[in-house]
Amino acid sequence: MASSLKNLSTYDESNIPDASEMSFGIVVADWNRDITHALYEGCLETLVKHGAKEENIYVAQVPGAFELPAGARILAGREKLDALVCLGCVIKGETQHDEYINNAVATGLMNLSITTGKPFIFGVLTPNTHEQALDRAGGKHGNKGVEAAVTALRMAALKRANPEGKKTIGFGK
Ligand code: DLZ
């Protein structure tokens, strides 16, 4: 399995843009809240670690992952944000609910990103079991909230970049 030996949240900290002038939204689903709140902690910590000010980070809770795109759209309409991170956890069950929810959220966030030109980051765990979720919410495979924050930082910087005279943007080590 691809993740069997990896902590998926390791990244080159020296290559992350400074976020001191940036604003972010974090939308967190309440379903599986032990997991989603651990994702939130990892996400918040990472944004602050790279310079984001807590007063420039806007947080909204929504009932479940299905509500993430609508919650993110509401937050984006209310505040001037560089990027939004959407955090959830949909655990596979006996029915296909997970596929409907995950596909809807992925499509919804992609549509928002394309139509608004603003990054809406997919920070949703899609595990088969609660244990797999724990492994990815601060456990042996890292914290997807950290990964989502890093993605938000990079995409926010890409959106802000003034490419005048440059042929490459965000092409790091
Ligand atoms: C209904 C439902 C189920 C069965 N499972 C999850 C889940 O594992 N993770 C999650 O975030 N939300 C779940 N939901 C709730 C839906 O996301 C949504 O909140 C409801 O269907 C109401 O629209």
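Take segment 70-88 and flag every residue that is farther than 15 Å from Leu125 by Cα and either hydroxyl-bearing (Ser, Thr, Tyr) or in contact (Cβ under 8 Å) with a residue 40 or more places away in the chain (or both).
Quick first cut of segment 70-88, residues farther than 15 Å from Leu125 by Cα only: 70-84.
Gly71, Ala72, Leu75, Ala76, Glu79, Lys80, Leu81, Asp82, Ala83, Leu84 - these are the residues of segment 70-88 that are farther than 15 Å from Leu125 by Cα and either hydroxyl-bearing (Ser, Thr, Tyr) or in contact (Cβ under 8 Å) with a residue 40 or more places away in the chain (or both).
Among residues of segment 91-114 that are in contact (Cβ under 8 Å) with a residue 40 or more places away in the chain, those with a beta-carbon under 6 Å from a residue that is among the β-branched types (Val, Ile, Thr) and surrounded by 13 or more Cβ atoms within 10 Å (Cβ to Cβ) at least six positions away or on a different chain give the pairs Val105/Val124.
The one condition from (1) more than 18 Å from Gly25 (Cα to Cα); (2) outside any helix (DSSP H, G or I); (3) open to solvent by 20 Å² or more (accessible area, probe 1.4 Å) that Val59 does not meet is (1). With respect to (1) closer than 26 Å to Gln132 by Cα; (2) within 10 Å of the ligand (Cβ to nearest atom); (3) at pLDDT 95 or above, the lone exception for Ala70 is condition (1). Just one of (1) within 27 Å of Asp135 (Cβ to Cβ); (2) not in a loop (DSSP other than H, G, I, E, B) fails for Ala52. It is (2).
Within this structure, Thr46 fails the test of being open to solvent by 40 Å² or more (accessible area, probe 1.4 Å), more than 15 Å from the ligand (Cβ to nearest atom) and in contact (Cβ under 8 Å) with a residue 12 or more places away in the chain.
Scanning segment 7-65 for residues that are modelled with pLDDT under 95 and under 23 Å from Asn103 (Cα atoms) yields one hit, Leu8. The number of residues in segment 18-73 that are within 13 Å of the chain's Cα centre (by Cα) and among the acidic types (Asp, Glu) comes to 2.
The values are calculated or read from the model by the stated rules, or taken from the named source; none is laboratory data. Only a predicted model underlies this, so the values are computations on that prediction, with no experimental measurement involved. Cβ: placed from backbone, ideal geometry, glycine included. Neighbour counts: every protein chain shown. Ligands, DNA and RNA are stripped out before the accessible areas are found, and what is left, the full protein with its side chains, is counted by its heavy atoms. Shrake-Rupley method; radii C 1.70, N 1.55, O 1.52, S 1.80 Å.
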